[in-house]
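Notes for the one structure printed next.
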């Protein structure tokens, strides 16, 4: 009997702690402050008239549309990285992991790649 009372008390205490703990907000109320791992976005630059990256040519319209998709989708979850912060080789695995998380369509994924790759750091 004493063992059952102790178990029930522990379960009740756990239940109360769980129910009284504030739930995490699904919306971002405040933009987190930059840390040493965050990279500030660069100042606005002109969109190139076209860019050929890894054998694929992107138009200025695709690059500009990609910028819009990048800014509107990627910023929902985290601070945006400057496209010039990484090389294409460094961006490739980042985009490979992030595009599915953002649930982008194939077209939007291509547009983001056009924007990011055409502005990536050379090297």
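Coordinate-derived values only; no laboratory data. Small disclaimer: the values here were computed from a predicted structure and weren't measured. Cβ placement follows ideal geometry from the backbone for every residue including glycine, while neighbour counts extend to all protein chains displayed.
The table for this structure:
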read-out	value
Computed P(r) (all Cα pairs; segment 50-119; 10 Å bins; percent)	22, 61, 17, 0
Chain lengthening between residue 87 and residue 68 when straightened (0.36 nm per residue, less Cα-Cα)	4.8 nm
Theoretical FRET efficiency, 1/(1+(r/R0)^6), r = Cβ-Cβ of residue 57 and residue 78, R0 30 Å, to 0.05	0.50
